[in-house]
1. Which percent of the accessible heavy-atom area of the range 216-310 goes to carbon and sulfur, probe 1.4 angstrom?
2. Can you list the lysines whose alpha carbon is less than 19 Å from that of K82, not counting same-chain residues fewer than 8 positions off?
3. Suppose accessible area is computed on protein heavy atoms with a 1.4 Å probe; arrange H427, H69 from highest to lowest.
4. Write down the Å³ per residue value for the convex hull defined by the alpha carbon atoms of the range 66-218.
5. What Kirkwood hydrodynamic radius do you get for the chain when you take the inverse of the mean 1/r over all pairs of distinct Cα atoms, in Å?
6. Would you kindly find the accessible area of V308, with a 1.4 Å probe and non-protein molecules such as ligands, DNA and RNA excluded, rounding to the nearest 10 Å²?
7. What length, rounded to one decimal in nm, is gained on full extension from E30 through to D202, with 0.36 nm per residue of separation minus their alpha-carbon distance?
8. Once the piece of chain linking N385 and A48 is laid out straight, how much longer is it, given 0.36 nm per residue of separation minus the C-alpha distance between them?
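The values are calculated or read from the model by the stated rules, or taken from the named source; none is laboratory data. What you are looking at is a predicted structure, and each value in this text was computed from that prediction instead of being measured. Here the Cβ positions follow ideal geometry from the backbone for every residue, glycine too, while neighbour counts run over all protein chains shown. Calculation scope for accessible area: heavy atoms of the full protein, side chains included, ligands and nucleic acids excluded. Shrake-Rupley method; radii C 1.70, N 1.55, O 1.52, S 1.80 Å.
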Amino acid sequence: MMEARQVALESRSPQRPDDLVVEFEETSPEGVAAAAGRARSAAGGWAASSALERSVALERAADALAGAHAEVAGLMVREVGKPVTEAVAEVTRGVGILRYYAQQALDPDGETYPGPSPAGLLLARRRPRGVAGLITPWNFPVAIPLWKAAPALAFGNAVLLKPSPEATGLALRLAELLAPALPEGLFQVVPGGAGTGEALVDRVDCLSFTGSVAVGRQVAVAATERGIPSQAEMGGLNASVVLPDADPERAATVIAGAAMGYAGQKCTATSRAIVVGDPGPFTEALVAAVQGLPVGEPAEEATVVGPVITEQARQRVLEAAEEAAAAGGRLLTGGKAGDGPGWFVAPTLVDGLGPDARLAQEEVFGPIAVVLAVPDTDQAVSVANGVAYGLVGSVFTRDLDRALGLAARLDTGMIRVNAPTTGVDFHAPFGGEKGSSFGPREQGNAARELYTSTRTITMLGQEG
Ligand code: NAD
(Lines give C-alpha, C1' and ligand atoms only; values in the text may rest on other atoms or scores of the structure.)
Protein backbone atom coordinates (compact mmCIF):
# COMPACT_ATOMS: atom_id res chain seq x y z
CA MET A 1 0.00 0.00 0.00
CA MET A 2 1.26 3.49 -0.80
CA GLU A 3 2.20 5.79 2.08
CA ALA A 4 -0.34 8.60 2.53
CA ARG A 5 1.31 11.84 1.39
CA GLN A 6 1.69 14.42 4.17
CA VAL A 7 1.35 18.03 3.07
CA ALA A 8 3.14 20.68 5.14
CA LEU A 9 1.11 23.83 5.71
CA GLU A 10 1.94 27.04 7.52
CA SER A 11 0.22 30.01 9.05
CA ARG A 12 1.96 33.40 8.85
CA SER A 13 1.22 36.77 10.36
CA PRO A 14 -0.49 38.99 7.77
CA GLN A 15 1.17 42.17 9.08
CA ARG A 16 4.62 40.55 9.09
CA PRO A 17 4.60 37.70 6.59
CA ASP A 18 8.10 36.59 7.61
CA ASP A 19 6.68 35.76 11.05
CA LEU A 20 5.82 32.05 10.87
CA VAL A 21 3.16 31.41 13.53
CA VAL A 22 2.90 27.67 13.06
CA GLU A 23 3.94 24.99 10.62
CA PHE A 24 1.95 21.78 10.60
CA GLU A 25 1.16 18.68 8.63
CA GLU A 26 -2.16 18.31 6.99
CA THR A 27 -4.20 15.58 8.70
CA SER A 28 -4.58 12.69 6.26
CA PRO A 29 -7.91 10.89 5.74
CA GLU A 30 -6.48 8.07 7.90
CA GLY A 31 -5.61 10.60 10.59
CA VAL A 32 -9.15 12.01 10.47
CA ALA A 33 -10.57 8.48 10.72
CA ALA A 34 -8.40 7.76 13.78
CA ALA A 35 -9.42 11.05 15.44
CA ALA A 36 -13.07 10.26 14.72
CA GLY A 37 -12.62 6.85 16.35
CA ARG A 38 -11.20 8.45 19.50
CA ALA A 39 -13.99 11.06 19.48
CA ARG A 40 -16.62 8.35 19.14
CA SER A 41 -15.22 6.45 22.14
CA ALA A 42 -15.23 9.64 24.21
CA ALA A 43 -18.73 10.61 23.05
CA GLY A 44 -20.37 7.54 24.62
CA GLY A 45 -19.29 8.34 28.16
CA TRP A 46 -19.93 12.03 27.72
CA ALA A 47 -23.50 11.49 26.49
CA ALA A 48 -24.07 9.21 29.50
CA SER A 49 -22.70 11.77 31.97
CA SER A 50 -25.10 14.02 33.83
CA ALA A 51 -26.04 17.41 32.46
CA LEU A 52 -24.52 18.93 35.59
CA GLU A 53 -21.15 17.30 34.85
CA ARG A 54 -21.19 18.69 31.32
CA SER A 55 -22.16 22.11 32.64
CA VAL A 56 -19.32 22.12 35.19
CA ALA A 57 -16.82 21.02 32.52
CA LEU A 58 -17.84 23.88 30.22
CA GLU A 59 -17.53 26.34 33.11
CA ARG A 60 -13.99 25.04 33.70
CA ALA A 61 -13.25 25.46 30.00
CA ALA A 62 -14.52 29.06 30.23
CA ASP A 63 -12.28 29.68 33.24
CA ALA A 64 -9.28 28.30 31.34
CA LEU A 65 -9.90 30.62 28.39
CA ALA A 66 -10.51 33.58 30.72
CA GLY A 67 -7.21 32.78 32.45
CA ALA A 68 -5.36 32.99 29.12
CA HIS A 69 -7.32 35.99 27.87
CA ALA A 70 -4.45 38.36 27.06
CA GLU A 71 -2.28 35.65 25.56
CA VAL A 72 -5.03 34.36 23.24
CA ALA A 73 -5.94 37.91 22.16
CA GLY A 74 -2.26 38.54 21.43
CA LEU A 75 -2.03 35.37 19.35
CA MET A 76 -5.14 36.46 17.45
CA VAL A 77 -3.56 39.82 16.64
CA ARG A 78 -0.44 38.04 15.45
CA GLU A 79 -1.98 35.20 13.48
CA VAL A 80 -4.95 36.82 11.71
CA GLY A 81 -4.12 40.53 12.03
CA LYS A 82 -7.24 41.39 14.02
CA PRO A 83 -7.03 44.85 15.65
CA VAL A 84 -6.33 44.33 19.33
CA THR A 85 -9.53 45.92 20.69
CA GLU A 86 -11.59 43.54 18.55
CA ALA A 87 -9.36 40.59 19.44
CA VAL A 88 -9.82 41.29 23.16
CA ALA A 89 -13.59 41.57 22.67
CA GLU A 90 -13.66 38.29 20.76
CA VAL A 91 -11.90 36.37 23.53
CA THR A 92 -14.35 37.88 26.05
CA ARG A 93 -17.15 36.70 23.79
CA GLY A 94 -15.59 33.23 23.62
CA VAL A 95 -15.64 33.02 27.41
CA GLY A 96 -19.27 34.25 27.41
CA ILE A 97 -20.27 31.62 24.84
CA LEU A 98 -18.80 28.81 26.97
CA ARG A 99 -20.59 30.08 30.08
CA TYR A 100 -23.89 30.54 28.23
CA TYR A 101 -23.86 26.95 26.93
CA ALA A 102 -22.70 25.65 30.32
CA GLN A 103 -26.07 26.91 31.53
CA GLN A 104 -27.97 25.60 28.50
CA ALA A 105 -26.76 22.11 29.35
CA LEU A 106 -29.18 22.38 32.31
CA ASP A 107 -32.17 23.64 30.33
CA PRO A 108 -35.17 21.38 29.62
CA ASP A 109 -34.11 18.67 27.18
CA GLY A 110 -37.45 18.11 25.53
CA GLU A 111 -41.18 18.58 25.64
CA THR A 112 -44.18 16.75 26.96
CA TYR A 113 -47.38 16.31 24.98
CA PRO A 114 -50.86 15.22 26.01
CA GLY A 115 -50.53 11.46 26.43
CA PRO A 116 -52.73 8.62 25.22
CA SER A 117 -54.43 8.52 28.61
CA PRO A 118 -54.35 10.75 31.70
CA ALA A 119 -51.73 8.57 33.37
CA GLY A 120 -49.68 7.89 30.22
CA LEU A 121 -46.83 10.10 28.98
CA LEU A 122 -45.85 11.32 25.57
CA LEU A 123 -42.40 12.91 25.49
CA ALA A 124 -40.05 14.22 22.85
CA ARG A 125 -36.57 14.13 24.35
CA ARG A 126 -33.42 15.56 22.84
CA ARG A 127 -30.34 13.42 22.52
CA PRO A 128 -26.87 14.07 21.08
CA ARG A 129 -25.99 13.03 17.56
CA GLY A 130 -22.52 11.63 18.36
CA VAL A 131 -19.49 13.28 16.75
CA ALA A 132 -19.99 16.83 15.50
CA GLY A 133 -17.67 17.97 12.69
CA LEU A 134 -16.85 21.68 12.55
CA ILE A 135 -15.19 23.39 9.57
CA THR A 136 -14.37 27.01 10.28
CA PRO A 137 -12.86 30.11 8.62
CA TRP A 138 -9.99 32.22 9.94
CA ASN A 139 -11.75 35.52 10.54
CA PHE A 140 -13.33 34.79 13.96
CA PRO A 141 -10.85 32.14 15.07
CA VAL A 142 -12.11 31.90 18.67
CA ALA A 143 -15.78 32.89 18.48
CA ILE A 144 -16.83 30.72 15.53
CA PRO A 145 -15.21 27.45 16.70
CA LEU A 146 -16.66 28.07 20.17
CA TRP A 147 -20.17 29.04 19.11
CA LYS A 148 -20.28 25.65 17.39
CA ALA A 149 -18.27 23.54 19.85
CA ALA A 150 -19.89 24.82 23.06
CA PRO A 151 -23.47 23.79 22.20
CA ALA A 152 -22.26 20.55 20.61
CA LEU A 153 -20.47 19.63 23.86
CA ALA A 154 -23.21 20.96 26.14
CA PHE A 155 -25.75 18.66 24.51
CA GLY A 156 -23.51 15.58 24.80
CA ASN A 157 -21.53 15.34 21.55
CA ALA A 158 -17.82 14.98 20.85
CA VAL A 159 -16.24 17.58 18.54
CA LEU A 160 -13.74 17.39 15.68
CA LEU A 161 -12.66 20.86 14.58
CA LYS A 162 -11.05 21.45 11.18
CA PRO A 163 -9.90 25.08 11.42
CA SER A 164 -8.80 27.25 8.54
CA PRO A 165 -5.07 26.78 7.84
CA GLU A 166 -4.62 30.53 8.46
CA ALA A 167 -5.92 30.19 12.04
CA THR A 168 -4.39 26.85 13.03
CA GLY A 169 -2.18 28.26 15.79
CA LEU A 170 -5.24 29.60 17.59
CA ALA A 171 -7.23 26.40 17.15
CA LEU A 172 -4.39 24.32 18.61
CA ARG A 173 -4.11 26.72 21.56
CA LEU A 174 -7.87 26.52 22.18
CA ALA A 175 -7.63 22.71 22.24
CA GLU A 176 -4.79 22.90 24.79
CA LEU A 177 -6.80 25.24 26.99
CA LEU A 178 -9.98 23.17 26.83
CA ALA A 179 -8.31 19.75 27.20
CA PRO A 180 -7.94 19.66 31.02
CA ALA A 181 -11.65 20.43 31.43
CA LEU A 182 -12.87 17.66 29.12
CA PRO A 183 -12.48 13.88 28.82
CA GLU A 184 -9.66 12.83 26.53
CA GLY A 185 -10.54 12.79 22.83
CA LEU A 186 -13.78 14.71 23.30
CA PHE A 187 -12.55 17.91 21.62
CA GLN A 188 -9.90 17.44 18.95
CA VAL A 189 -8.44 19.66 16.27
CA VAL A 190 -7.59 18.11 12.90
CA PRO A 191 -5.42 20.68 11.14
CA GLY A 192 -5.40 20.82 7.37
CA GLY A 193 -6.95 22.28 4.25
CA ALA A 194 -9.66 21.19 1.81
CA GLY A 195 -8.64 17.50 1.79
CA THR A 196 -8.86 17.24 5.56
CA GLY A 197 -12.22 19.01 5.47
CA GLU A 198 -13.56 16.54 2.92
CA ALA A 199 -12.31 13.60 5.00
CA LEU A 200 -13.99 15.08 8.07
CA VAL A 201 -17.39 15.21 6.37
CA ASP A 202 -17.04 11.46 5.73
CA ARG A 203 -16.55 10.59 9.40
CA VAL A 204 -18.89 12.68 11.53
CA ASP A 205 -22.56 12.48 12.53
CA CYS A 206 -23.44 16.13 11.91
CA LEU A 207 -21.57 18.96 10.28
CA SER A 208 -21.41 22.71 10.90
CA PHE A 209 -19.55 24.82 8.35
CA THR A 210 -18.74 28.53 8.14
CA GLY A 211 -16.90 29.97 5.15
CA SER A 212 -17.40 30.82 1.50
CA VAL A 213 -20.50 29.98 -0.54
CA ALA A 214 -18.64 27.75 -3.01
CA VAL A 215 -17.15 25.52 -0.30
CA GLY A 216 -20.27 25.62 1.91
CA ARG A 217 -22.48 24.31 -0.88
CA GLN A 218 -20.02 21.52 -1.65
CA VAL A 219 -19.83 20.51 2.01
CA ALA A 220 -23.64 20.56 2.40
CA VAL A 221 -24.04 18.33 -0.68
CA ALA A 222 -21.41 15.87 0.62
CA ALA A 223 -23.10 15.77 4.03
CA THR A 224 -26.52 15.23 2.47
CA GLU A 225 -25.17 12.41 0.32
CA ARG A 226 -24.01 10.72 3.52
CA GLY A 227 -27.39 11.35 5.09
CA ILE A 228 -26.09 13.48 7.96
CA PRO A 229 -27.58 16.84 8.97
CA SER A 230 -25.56 19.93 8.19
CA GLN A 231 -25.62 23.67 8.42
CA ALA A 232 -23.53 26.12 6.40
CA GLU A 233 -23.07 29.79 7.19
CA MET A 234 -21.58 31.46 4.15
CA GLY A 235 -20.86 34.79 2.54
CA GLY A 236 -22.72 38.08 2.62
CA LEU A 237 -23.10 41.25 0.58
CA ASN A 238 -24.76 43.23 3.28
CA ALA A 239 -26.59 46.47 2.57
CA SER A 240 -27.23 49.47 4.77
CA VAL A 241 -30.18 51.52 3.56
CA VAL A 242 -29.94 55.22 4.45
CA LEU A 243 -33.29 57.02 4.30
CA PRO A 244 -33.51 60.78 3.66
CA ASP A 245 -34.50 61.59 7.27
CA ALA A 246 -31.41 59.88 8.75
CA ASP A 247 -28.60 61.99 10.15
CA PRO A 248 -26.03 61.54 7.35
CA GLU A 249 -23.00 61.99 9.58
CA ARG A 250 -24.14 59.54 12.21
CA ALA A 251 -25.10 56.95 9.59
CA ALA A 252 -21.77 57.49 7.81
CA THR A 253 -19.75 56.95 11.00
CA VAL A 254 -21.52 53.69 11.78
CA ILE A 255 -21.36 52.42 8.18
CA ALA A 256 -17.66 53.31 7.81
CA GLY A 257 -16.82 51.15 10.83
CA ALA A 258 -19.06 48.29 9.67
CA ALA A 259 -17.58 48.33 6.16
CA MET A 260 -13.91 48.73 7.01
CA GLY A 261 -13.38 47.49 10.60
CA TYR A 262 -11.00 44.48 10.63
CA ALA A 263 -10.36 45.38 6.98
CA GLY A 264 -13.92 44.39 6.00
CA GLN A 265 -13.23 40.72 6.73
CA LYS A 266 -16.51 39.90 8.46
CA CYS A 267 -19.36 38.01 6.88
CA THR A 268 -21.54 40.75 8.37
CA ALA A 269 -19.50 43.68 6.99
CA THR A 270 -21.41 46.36 5.07
CA SER A 271 -20.42 46.21 1.43
CA ARG A 272 -23.27 48.28 -0.05
CA ALA A 273 -24.57 51.63 1.21
CA ILE A 274 -27.90 52.29 -0.51
CA VAL A 275 -28.87 55.96 -0.23
CA VAL A 276 -32.44 57.07 -0.87
CA GLY A 277 -32.70 60.56 -2.42
CA ASP A 278 -29.77 62.97 -2.72
CA PRO A 279 -26.65 60.90 -2.01
CA GLY A 280 -24.39 64.00 -1.70
CA PRO A 281 -24.31 64.75 2.06
CA PHE A 282 -24.10 61.09 3.09
CA THR A 283 -21.39 60.25 0.54
CA GLU A 284 -19.30 63.21 1.61
CA ALA A 285 -19.66 62.22 5.27
CA LEU A 286 -18.84 58.57 4.47
CA VAL A 287 -15.66 59.45 2.61
CA ALA A 288 -14.56 61.63 5.54
CA ALA A 289 -15.41 58.91 8.07
CA VAL A 290 -13.55 56.23 6.11
CA GLN A 291 -10.52 58.45 5.62
CA GLY A 292 -10.53 59.12 9.35
CA LEU A 293 -10.28 55.44 10.32
CA PRO A 294 -6.90 54.58 11.79
CA VAL A 295 -5.19 52.06 9.50
CA GLY A 296 -2.08 50.20 10.55
CA GLU A 297 -0.42 47.89 13.02
CA PRO A 298 -3.18 45.73 14.56
CA ALA A 299 -1.38 45.51 17.91
CA GLU A 300 -1.98 49.25 18.45
CA GLU A 301 -5.09 50.12 20.47
CA ALA A 302 -6.23 52.88 18.10
CA THR A 303 -6.11 50.72 14.95
CA VAL A 304 -9.45 49.96 13.32
CA VAL A 305 -8.22 48.67 9.96
CA GLY A 306 -5.33 46.17 9.97
CA PRO A 307 -4.05 44.07 7.07
CA VAL A 308 -6.04 41.59 5.01
CA ILE A 309 -5.23 37.93 5.57
CA THR A 310 -3.03 37.10 2.55
CA GLU A 311 -1.36 38.59 -0.49
CA GLN A 312 -4.09 37.05 -2.69
CA ALA A 313 -6.77 38.70 -0.55
CA ARG A 314 -5.09 42.07 -1.06
CA GLN A 315 -4.85 41.42 -4.79
CA ARG A 316 -8.59 40.70 -4.90
CA VAL A 317 -9.37 44.09 -3.31
CA LEU A 318 -7.04 45.98 -5.66
CA GLU A 319 -8.46 44.20 -8.71
CA ALA A 320 -12.03 44.85 -7.61
CA ALA A 321 -11.23 48.58 -7.29
CA GLU A 322 -9.58 48.63 -10.72
CA GLU A 323 -12.43 46.76 -12.32
CA ALA A 324 -15.00 49.08 -10.73
CA ALA A 325 -13.16 52.14 -12.09
CA ALA A 326 -12.93 50.55 -15.55
CA ALA A 327 -16.68 49.86 -15.41
CA GLY A 328 -17.38 53.58 -14.95
CA GLY A 329 -17.28 53.77 -11.15
CA ARG A 330 -15.70 56.66 -9.28
CA LEU A 331 -12.99 55.81 -6.79
CA LEU A 332 -13.89 58.03 -3.83
CA THR A 333 -10.98 56.94 -1.67
CA GLY A 334 -8.48 54.06 -1.43
CA GLY A 335 -7.73 51.59 -4.18
CA LYS A 336 -4.05 51.38 -3.23
CA ALA A 337 -1.86 48.90 -1.39
CA GLY A 338 -0.32 50.10 1.85
CA ASP A 339 3.41 50.56 2.43
CA GLY A 340 5.57 48.00 4.17
CA PRO A 341 5.77 44.25 4.09
CA GLY A 342 2.28 43.39 5.47
CA TRP A 343 -0.89 42.82 3.45
CA PHE A 344 -2.29 46.31 4.00
CA VAL A 345 -4.71 47.93 1.60
CA ALA A 346 -6.33 51.35 1.91
CA PRO A 347 -10.06 51.32 2.75
CA THR A 348 -11.76 51.79 -0.59
CA LEU A 349 -15.07 53.39 -1.55
CA VAL A 350 -16.65 53.49 -4.98
CA ASP A 351 -19.80 55.17 -6.29
CA GLY A 352 -21.30 55.79 -9.73
CA LEU A 353 -21.90 52.09 -10.41
CA GLY A 354 -25.25 50.44 -11.18
CA PRO A 355 -26.62 47.73 -8.90
CA ASP A 356 -25.67 45.07 -11.46
CA ALA A 357 -21.95 45.89 -11.39
CA ARG A 358 -19.75 43.07 -10.13
CA LEU A 359 -18.72 45.02 -7.01
CA ALA A 360 -22.42 45.41 -6.16
CA GLN A 361 -23.12 41.70 -6.76
CA GLU A 362 -20.17 39.63 -5.50
CA GLU A 363 -18.45 39.45 -2.11
CA VAL A 364 -14.80 40.62 -2.17
CA PHE A 365 -14.19 40.10 1.57
CA GLY A 366 -11.95 43.08 2.15
CA PRO A 367 -12.08 46.82 2.93
CA ILE A 368 -14.11 47.87 -0.10
CA ALA A 369 -17.69 49.11 -0.36
CA VAL A 370 -19.95 50.69 -2.93
CA VAL A 371 -22.40 53.60 -2.55
CA LEU A 372 -25.56 53.12 -4.62
CA ALA A 373 -28.03 55.99 -5.07
CA VAL A 374 -31.75 55.20 -5.52
CA PRO A 375 -34.75 57.53 -5.92
CA ASP A 376 -37.17 55.92 -3.44
CA THR A 377 -37.71 53.25 -0.81
CA ASP A 378 -39.14 50.71 -3.25
CA GLN A 379 -35.97 50.92 -5.32
CA ALA A 380 -33.88 50.64 -2.17
CA VAL A 381 -35.64 47.38 -1.28
CA SER A 382 -35.28 46.00 -4.78
CA VAL A 383 -31.55 46.86 -4.94
CA ALA A 384 -30.92 45.57 -1.41
CA ASN A 385 -32.67 42.27 -2.23
CA GLY A 386 -31.28 41.99 -5.77
CA VAL A 387 -28.25 39.88 -4.84
CA ALA A 388 -27.62 36.19 -4.29
CA TYR A 389 -26.90 36.70 -0.56
CA GLY A 390 -29.13 37.55 2.41
CA LEU A 391 -27.19 37.53 5.68
CA VAL A 392 -27.91 40.88 7.36
CA GLY A 393 -29.28 44.28 6.41
CA SER A 394 -29.53 47.57 8.23
CA VAL A 395 -31.75 50.63 7.96
CA PHE A 396 -30.96 54.18 9.07
CA THR A 397 -33.96 56.42 9.79
CA ARG A 398 -35.65 58.36 12.59
CA ASP A 399 -39.08 57.17 11.51
CA LEU A 400 -40.26 54.04 13.30
CA ASP A 401 -42.95 53.26 10.72
CA ARG A 402 -40.48 53.37 7.88
CA ALA A 403 -37.94 51.33 9.84
CA LEU A 404 -40.49 48.61 10.53
CA GLY A 405 -41.82 48.73 6.97
CA LEU A 406 -38.37 48.32 5.47
CA ALA A 407 -37.32 45.68 7.98
CA ALA A 408 -40.29 43.59 6.89
CA ARG A 409 -39.27 43.77 3.25
CA LEU A 410 -35.53 43.08 3.42
CA ASP A 411 -34.74 39.49 2.50
CA THR A 412 -32.05 38.84 5.11
CA GLY A 413 -31.80 36.62 8.16
CA MET A 414 -30.98 39.56 10.41
CA ILE A 415 -32.12 43.19 10.34
CA ARG A 416 -30.59 46.00 12.36
CA VAL A 417 -32.09 49.46 12.71
CA ASN A 418 -29.75 52.42 13.20
CA ALA A 419 -27.04 49.88 13.94
CA PRO A 420 -24.10 48.47 12.01
CA THR A 421 -24.60 45.29 9.99
CA THR A 422 -21.74 43.86 12.05
CA GLY A 423 -22.17 42.58 15.59
CA VAL A 424 -23.47 39.22 16.75
CA ASP A 425 -25.49 38.32 19.85
CA PHE A 426 -24.54 34.78 20.80
CA HIS A 427 -27.79 34.25 22.69
CA ALA A 428 -30.00 34.90 19.64
CA PRO A 429 -30.43 32.86 16.44
CA PHE A 430 -27.84 33.71 13.78
CA GLY A 431 -28.05 33.02 10.04
CA GLY A 432 -29.13 34.30 6.67
CA GLU A 433 -31.32 33.74 3.65
CA LYS A 434 -30.58 32.68 0.06
CA GLY A 435 -26.91 31.95 -0.66
CA SER A 436 -25.79 33.05 2.81
CA SER A 437 -27.08 30.08 4.79
CA PHE A 438 -28.11 26.49 4.54
CA GLY A 439 -29.75 24.40 7.24
CA PRO A 440 -30.86 25.36 10.73
CA ARG A 441 -29.74 28.57 12.44
CA GLU A 442 -26.85 28.55 14.88
CA GLN A 443 -26.23 30.17 18.30
CA GLY A 444 -28.80 30.82 21.03
CA ASN A 445 -31.39 28.08 21.52
CA ALA A 446 -31.36 27.46 17.80
CA ALA A 447 -28.07 25.54 18.08
CA ARG A 448 -30.01 22.59 19.50
CA GLU A 449 -31.47 21.80 16.10
CA LEU A 450 -28.19 20.66 14.59
CA TYR A 451 -26.51 19.08 17.60
CA THR A 452 -29.44 17.03 18.87
CA SER A 453 -32.23 14.92 17.47
CA THR A 454 -35.46 14.14 19.24
CA ARG A 455 -36.75 10.79 20.31
CA THR A 456 -40.48 10.53 20.90
CA ILE A 457 -41.34 8.27 23.83
CA THR A 458 -44.80 6.93 24.59
CA MET A 459 -45.50 5.42 28.01
CA LEU A 460 -48.73 3.77 29.04
CA GLY A 461 -49.54 2.91 32.64
CA GLN A 462 -50.48 -0.73 33.32
CA GLU A 463 -53.85 0.46 34.51
CA GLY A 464 -54.64 2.80 31.62
P1 NAD B 1 -13.31 29.14 2.84
O2 NAD B 1 -14.62 28.69 2.32
O3 NAD B 1 -12.19 29.26 1.89
O4 NAD B 1 -12.81 28.13 3.97
C5 NAD B 1 -13.61 27.81 5.09
C6 NAD B 1 -13.15 26.47 5.64
O7 NAD B 1 -13.46 25.43 4.70
C8 NAD B 1 -11.65 26.39 5.91
O9 NAD B 1 -11.43 25.66 7.08
C10 NAD B 1 -11.15 25.62 4.70
O11 NAD B 1 -9.92 24.97 4.91
C12 NAD B 1 -12.29 24.63 4.50
N13 NAD B 1 -12.39 24.04 3.15
C14 NAD B 1 -11.94 24.55 1.97
N15 NAD B 1 -12.26 23.71 0.96
C16 NAD B 1 -12.92 22.65 1.51
C17 NAD B 1 -13.54 21.47 0.98
N18 NAD B 1 -13.52 21.21 -0.32
N19 NAD B 1 -14.14 20.63 1.84
C20 NAD B 1 -14.20 20.89 3.17
N21 NAD B 1 -13.63 21.99 3.72
C22 NAD B 1 -13.02 22.86 2.92
O23 NAD B 1 -13.57 30.52 3.62
P24 NAD B 1 -12.50 31.48 4.34
O25 NAD B 1 -11.70 32.18 3.29
O26 NAD B 1 -11.78 30.77 5.41
O27 NAD B 1 -13.48 32.55 5.04
C28 NAD B 1 -14.05 33.62 4.36
C29 NAD B 1 -15.50 33.34 3.99
O30 NAD B 1 -16.23 32.96 5.15
C31 NAD B 1 -16.23 34.57 3.45
O32 NAD B 1 -17.01 34.21 2.34
C33 NAD B 1 -17.12 34.99 4.61
O34 NAD B 1 -18.26 35.73 4.26
C35 NAD B 1 -17.47 33.68 5.20
N36 NAD B 1 -17.89 33.80 6.59
C37 NAD B 1 -19.22 33.59 6.87
C38 NAD B 1 -19.68 33.72 8.17
C39 NAD B 1 -21.13 33.49 8.50
O40 NAD B 1 -21.43 33.23 9.66
N41 NAD B 1 -22.05 33.58 7.56
C42 NAD B 1 -18.79 34.05 9.21
C43 NAD B 1 -17.45 34.26 8.89
C44 NAD B 1 -17.01 34.11 7.58
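1. On the way: 1730 of 3180 Å².
Carbon and sulfur: 55 percent of the exposed surface of the range 216-310.
2. Excluding near neighbours in sequence, the set is K266.
3. Working: H427 115, H69 45 Å².
Most to least solvent-accessible, the answer reads H427, H69.
4. Numbers: hull volume 21.5 nm³, N = 153.
Once divided by residue count, the hull of the range 66-218 is 141 Å³.
5. Values: mean 1/r = 0.0432 Å⁻¹.
That comes to 23.2 Å for the chain.
6. 0
7. Details: separation 172, 0.36 × 172 = 61.92 nm, distance 1.13 nm.
Additional length available on full extension: 60.8 nm.
8. Details: separation 337, 0.36 × 337 = 121.32 nm, distance 4.66 nm.
Answer, rounded to one decimal: 116.7 nm.
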